[in-house]
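Let me begin by handing over the structure; questions about it come next.
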Amino acid sequence: MKATKVLVGRPGTTVANKTGSWRTFYPVLDNEKCKSCGLCALYCPEGCIIVEEQPGQKKKKYTPDLDFCKGCSLCAAICPAKAIEMKEEEK
Amino acid sequence: MQKFIEGSRAVAEFVGMCRPDVISAYPITPQTHIVEELAQIVADGELKSQFINVESEFAAASVVLGASATGARTYTATSSQGLLLMAEVLYNIAGMRLPIVLTCANRAVSAPISIWNDHQDSISVRDSGWIQLYAEDNQDAADMHIQAYKIAEDNDILLPVMVCMDGFILTHSFEPVDVPSPDEVDAFLPKFNPEIYLTAKNPLSLGLMAPPDSYMETRFALFKTLEESKEKIVKTAREFKKTFGRSSGELVEHYKIDGADTVLVCMGSIAGTVKVVVDELRQGGKKVGLLKIRCHRPFPEEEIKKALSKAKNIAIVEKAVSMGLGGVLATEIKAVLPDTNARAGVSNFIIGLGGRDITKKDIVNIVDKTVSGPVENEFVNINLSLLDE
Amino acid sequence: MVTAANLLAFAAFADGKFAQAFPTFGSERMGAPVASFVRIDKEKIRLRSQIYEPDIVIVQDSTLFGAIDPLNGLKKGGLIIVNTKKEPEELGIDRKFSVRTIPATSIAMEIFKRPIPNTVILGAFAGITGEISMGAVKEAIQKRFEARIAKLNIEAAERAYKMVKG
């Protein structure tokens, strides 16, 4: 008799297990104000700010992934353009 | 004075009042709060003691071994893998007859990793020669430490004592604890005054090699002293009751055993839940009682035989397994019960491994199963869907 | 949450009752979802199991309603105290329960500038249930925090107490 399901881990569980359900505040990023410096993505301890190229633009697009964001506010604190506002979560 | 504190804090305060000269420990969940609190008490200057930080449990046990050999009163605490890492030193401590007191904040053993409670850790070192006491609640756990030093340091005994308290369930619970004054503890617990100890003034060697013509005698003496220590454990529990006005039992504790057809047997914090169920079942007219094993080593054979002599059904409920055999306490109790008739009604259950919660309903089910027929090594609430097909 | 449960139980103890508080024992990160249990009784408490049928549930973070069901096992007619800016009716909770709300995080942000609603909820609990007195709440807070922090926490508890008393 074995308990393989308990004893053996499979890769990718941290992607499947969404951990963003219990924050108090969430970041809202204003793309107009954003200077595309990338500091928010660098500082985010969860690595959950998605960075995308925008066709025909030099500016990249930064989007906090709320499935994993814990609401720590570091991105808002570090943003030199003050483009990130923390809003209280209300579900 | 009644205080509302965490179990770990209670143990730290009581140990502090026993004034250990040397404390050494390595942090491991769920023991951590105990030694953090003690470190704080020492750092605050409330306790004059050497708190020695080390790099492992093996080192912690070795430090208290060495310190104890110099005649110092010593303390350490650990859990789970930490206790197993200490194992080699634990045997040395008992073999050298050093009266060290250790708190085992009981936790399951890996693998798989579990930080939660069961008794597999302390049960695994039950044959090391240590006295092992199991606490029911935080008052009990704290009180046991004062008694432990008194038992351990008796010059006729000189044995280490392990106080086992359920990790998280007790260590992290807040409840009222009656905390004595340091003077009261001083009056109860005499200073450690060993006849043999290491000092430069009178050089000795301890922990020698014993060849085949003398090793066995040391083991015989250890075995005999463990047996003799029962009297000291009982005497100390009685003195404690007289001085402080409370008791959690001696080697065992009887709870409504008189007139009980069915008696449950267990150790540690589960006894609290069992007592509640016994009360409720008694109110419903069922004749149920509890035998709590307070001291597991030395094993209270006579007290168990006496307590169970009139029971028709016995349910041994425990949080450890001897792999390849079955419940540890069950095996031991079956071995001491007088004849096959008495053993016919013995059921045994493995419960709460790795911190699985133990409910009143679980205990009621155990009573029902025991009454309707002997059950052997039943693992309570196994989820078959987690097993391979 | 763990702090709130311990303070609540301490307050009951300070009122001369027996109390027991314990967390569900997981990895304890500040802010992570966790359940804590409190028993209050006139008699000594021996039971060690978790609580499956509570009389009262405190939901410290209303966003958890999506992740778990905090009302599971709550007795009929049981009380739910929710930390939210919403009114009880807006939460859509079954009418067989009694629901009270308190904007504890908002009050905590005003007083502490941080989202730590423990003592706000404690004050609200005292006001709504009467199970613990405000005197005991203050004693619990003074025991737990150093003077400066305690003062702010007492202010937080009193504000919530007055708010729920209307």
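The values are calculated or read from the model by the stated rules, or taken from the named source; none is laboratory data. Being a predicted model, the structure only gives us computed values, none of them experimental. Counting neighbours? That spans all protein chains shown, and the Cβs are built from the backbone with ideal geometry, glycine included.
Of all residues in the range A:1-39 being under 13 Å from A:Asp65 (Cβ atoms), in contact with a Pro (Cβ under 8 Å, 6 or more places away or on another chain) and away from chain C (no Cβ under 14 Å), which is surrounded by the most Cβ atoms within 10 Å (Cβ to Cβ)?
Top of the filtered list is A:Pro27.
Right, next: Among the residues of the range B:281-289, is any under 19 Å from B:Val380 (Cβ atoms), assigned by TED's automatic domain parsing to the domain that holds B:Pro338 and part of a strand (DSSP E or B)?
yes
With B:Asp121, B:Asp143, B:Asp183 as the choices, which residue is surrounded by fewer than 22 Cβ atoms within 10 Å (Cβ to Cβ), modelled with pLDDT of 95 or more and of a type outside the set (A, V, I, L, M)?
Values: B:Asp121 fails: surrounded by fewer than 22 Cβ atoms within 10 Å (Cβ to Cβ); B:Asp143 fails: surrounded by fewer than 22 Cβ atoms within 10 Å (Cβ to Cβ).
Within the list B:Asp121, B:Asp143, B:Asp183, the selection yields B:Asp183.
Given (1) touching a strand residue (DSSP E or B) at 6+ places or on another chain (Cβ under 6 Å); (2) modelled with pLDDT under 95, where does A:Thr63 come up short, assuming only one miss?
Result: A:Thr63 passes all but (2).
Residues are listed down the side, and each one gets a yes or a no for (1) surrounded by fewer than 18 Cβ atoms within 10 Å (Cβ to Cβ); (2) free of Cβ contacts under 8 Å to residues at least 60 places away in the same chain:
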position: B:Val54; (1), (2): yes, yes
position: B:Phe58; (1), (2): yes, yes
position: B:Ser68; (1), (2): no, yes
position: B:Met86; (1), (2): no, yes
position: B:Tyr91; (1), (2): yes, yes
position: B:Val101; (1), (2): no, no
position: B:Cys104; (1), (2): no, no
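Among the residues of the range A:65-91, count how many are in a loop (DSSP other than H, G, I, E, B), away from chain C (no Cβ under 14 Å) and of a type in the set (D, E, K, R).
Going through the range A:65-91 one residue at a time, the tally reaches 2.
Another question about this same structure. Among the listed residues C:Ala5, C:Ala21, which satisfies the condition of being aliphatic (A, V, I, L, M), within 20 Å of C:Ala160 (Cα to Cα), facing chain B (nearest Cβ under 10 Å) and surrounded by 14 or more Cβ atoms within 10 Å (Cβ to Cβ)?
C:Ala5
Could you please find all residues in the range B:15-42 being surrounded by fewer than 22 Cβ atoms within 10 Å (Cβ to Cβ) and in a helix (DSSP H, G or I)?
B:Thr32, B:His33, B:Glu36, B:Glu37, B:Ala39, B:Gln40, B:Ile41, B:Val42
From the set of residues in the range C:24-42 that are more than 10 Å from chain B (Cβ to nearest Cβ) and at pLDDT 95 or above, which is surrounded by the fewest Cβ atoms within 10 Å (Cβ to Cβ)?
Of everything passing the filter in the range C:24-42, C:Lys42 is surrounded by the fewest Cβ atoms within 10 Å (Cβ to Cβ).
Tally time: how many residues in the range B:282-314 are away from chain C (no Cβ under 14 Å) and in contact (Cβ under 8 Å) with a residue 60 or more places away in the chain?
9
Give the residue that is surrounded by the most Cβ atoms within 10 Å (Cβ to Cβ), with candidates limited to residues of the range B:321-375 that are under 27 Å from B:Gln81 (Cβ atoms) and of a type in the set (D, E, K, R).
B:Arg356
Within the range B:225-244, can one find any residue that is touching a strand residue (DSSP E or B) at 6+ places or on another chain (Cβ under 6 Å), outside any helix (DSSP H, G or I) and closer than 29 Å to B:Gly95 by Cβ?
There is no residue in the range B:225-244 that is touching a strand residue (DSSP E or B) at 6+ places or on another chain (Cβ under 6 Å), outside any helix (DSSP H, G or I) and closer than 29 Å to B:Gly95 by Cβ.
Further question on the same structure: Within the range B:323-340, count every residue that is in contact (Cβ under 8 Å) with a residue 24 or more places away in the chain and of a type in the set (D, E, K, R).
1
Only one of these conditions is not met by B:Ala335: (1) modelled with pLDDT of 95 or more; (2) under 25 Å from the mean Cα position of the chain (by Cα); (3) away from chain A (no Cβ under 14 Å). Which number is it?
The single condition B:Ala335 does not satisfy is (1).
Yes/no matrix, rows are residues, columns are (1) over 18 Å from the mean Cα position of the chain (by Cα); (2) surrounded by fewer than 20 Cβ atoms within 10 Å (Cβ to Cβ):
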{"residue": "B:Ala221", "(1), (2)": "yes, yes"}
{"residue": "B:Phe244", "(1), (2)": "yes, yes"}
{"residue": "B:Ser247", "(1), (2)": "no, yes"}
{"residue": "B:Asp261", "(1), (2)": "yes, yes"}
{"residue": "B:Ala271", "(1), (2)": "no, no"}
{"residue": "B:Lys286", "(1), (2)": "yes, yes"}
{"residue": "B:His296", "(1), (2)": "no, no"}
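Any residue that is assigned to a loop (DSSP other than H, G, I, E, B) and modelled with pLDDT of 90 or more - is there at least one of those in the range C:58-69? Even if it seems obvious, please write down each step before you answer.
Kept after step one, since they are assigned to a loop (DSSP other than H, G, I, E, B), are these residues of the range C:58-69: C:60-61, C:66-69.
Pick out the ones that are also modelled with pLDDT of 90 or more and you get none.
Checking the range C:58-69: not a single residue is assigned to a loop (DSSP other than H, G, I, E, B) and modelled with pLDDT of 90 or more.
Could you list all residues from the range C:47-87 that are without any contact (Cβ under 8 Å) to a residue 60 or more places away in the chain, more than 14 Å from chain A (Cβ to nearest Cβ) and of a type in the set (A, V, I, L, M, F, W, C)?
Across the range C:47-87, the qualifying residues are C:Leu47, C:Ile51, C:Val57, C:Leu71, C:Leu74, C:Leu79, C:Ile80, C:Ile81.
Looking at the range B:99-115 only, could you name the residues that are away from chain A (no Cβ under 14 Å) and either under 12 Å from the mean Cα position of the chain (by Cα) or more than 22 Å from B:Tyr75 (Cα to Cα) (or both)?
Applying the first criterion (away from chain A (no Cβ under 14 Å)) to the range B:99-115 yields B:99-107, B:109, B:115.
Passing the criteria: B:Val101, B:Leu102, B:Thr103, B:Cys104, B:Ala105, B:Asn106, B:Val109, B:Ile115.
Considering each residue of the range B:46-91, count those that are in contact with a strand residue (DSSP E or B) (Cβ under 7 Å, 6 or more places away or on another chain) and of a type in the set (Phe, Trp, Tyr), and give that number.
2
Quick one: in the range B:132-173, of everything that is hydroxyl-bearing (Ser, Thr, Tyr) and more than 10 Å from chain C (Cβ to nearest Cβ), which residue is nearest to B:Gly272 (Cα to Cα)?
Filtering first and then ranking leaves B:Tyr134.
Here is a further query. Suppose we keep only residues that are in a loop (DSSP other than H, G, I, E, B) and among the hydrophobic types (A, V, I, L, M, F, W, C) within the range C:128-146. Which one would you say is modelled with the highest pLDDT?
Residue satisfying both the conditions and the ranking: C:Ile132.
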